[in-house]
Amino acid sequence: MERILVSACLMGRKVRYDGGAKTSSDAWLAGWREEGRLVPFCPEVEGGLPVPRLAAEIEEGAGGSAVLAGTARVLAADGADVTAEFLAGARGALEVARAHGIRMAVLKEGSPSCGALAIYDGTFQGRKAPGQGVTTALLERNGIRVFSEERLPEAAGYLRTLET
Ligand code: SF4
């Protein structure tokens, strides 16, 4: 059975920067959870950041690939450099995925770690721009497809192709 890496906050775990969760009530996720497919993971907490923590964004409108390449940092709202923690979390996610033979993930849209299509633009003004988070970029460059929680029918279609 294909396992699926999933953002822990989508599964109700209170790991977000504000101390809350982003619990998804989506039927696809509920079904996969029932089947025992889901492997919850929070890159930021596993990378060593506390709960709660200051919001963080990738600087200057860059994306996760630039962080992996060392050409952009991840900064907390007070200016602290949390790049190392974000990279550690991304590597941790990849290790867990490999340990489970995982080929796909469902991650929380908009996050500087987990975003699949959009992330905040580095200005802390609540503005999003197209781009991927650090964990998403590392997973995808290692052949693991990442879908946001907003695209679960597409994820379900991909799961079918993996299992046929
Ligand atoms: S890093 Fe990912 S799993 Fe952790 S709280 Fe943020 S969006 Fe959720």
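Beta bridges per DSSP, both residues in the range 59-164: antiparallel share near 45 percent. Here the mean projected area of the convex hull built on the C-alpha positions of the range 1-93 is 6.6 nm².
Segment MET1..LYS128, full-extension length gain: 42.2 nm, with 0.36 nm per residue of separation and the alpha-carbon distance subtracted. Residue order by solvent-accessible surface for MET1, MET11 is MET1, MET11, largest first, with ligands and nucleic acids left out and a 1.4 Å probe. For the range 148-161, the Karplus equation 6.51 cos²θ - 1.76 cosθ + 1.60, evaluated at θ = phi - 60°, returns couplings of 7, 5, 8, 10, 6, x, 5, 5, 5, x, 5, 4, 4, 5 Hz by residue, with Gly and Pro reported as x. Taken over the range 80-164, the alpha-carbon convex hull comes to 85 cubic angstrom per residue.
Distances between placed amide hydrogens fall under 5 Å for ILE119 paired with ALA129, GLY131, all partners being 5 or more residues away or on another chain.
Measuring with a 1.4 angstrom probe and ignoring ligands and nucleic acids, ILE4 comes out at about 0 Å² accessible. Exposure check, 1.4 Å probe, all protein chains in place: LEU38 carries approximately 20 Å² of accessible surface. Taking all protein chains as shown and a probe of 1.4 angstrom, LYS22 keeps an accessible surface of around 90 Å². Under Stokes-Einstein, with the Kirkwood radius over Cα pairs as Rh, the value for the chain at 20 °C and 1.002 mPa s is 138 µm²/s.
Each label point was placed 7 Å from the Cα along the Cα-to-Cβ direction; for ASP81 and THR161 their separation is 4.0 nm.
If R0 equals 25 Å, the separation of the Cβ atoms of LEU54 and GLU154 corresponds to a calculated FRET efficiency of about 0.15. In order along the range 49-63, the Karplus-derived 3J(HN,Hα) couplings, from 6.51 cos²θ - 1.76 cosθ + 1.60 at θ = phi - 60°, round to 8, x, 10, x, 8, 5, 4, 9, 9, 6, 6, 6, x, 7, x Hz, and Gly and Pro are given as x. Can you work out the PRE-style zone for ASP26? Point 7 Å along Cα to Cβ, and I want the residues of the range 86-124 with backbone N under 12 Å. Zone members listed by number: 105-110, 116-117.
The values are calculated or read from the model by the stated rules, or taken from the named source; none is laboratory data. Because the structure is predicted, anything quoted here is derived from the model rather than measured. Positions of Cβ are generated from backbone atoms using ideal geometry, with glycine treated the same way; all protein chains shown enter the neighbour counts. All accessible areas refer to the heavy atoms of the entire protein, side chains included, with ligands and DNA or RNA removed. Shrake-Rupley method; radii C 1.70, N 1.55, O 1.52, S 1.80 Å.
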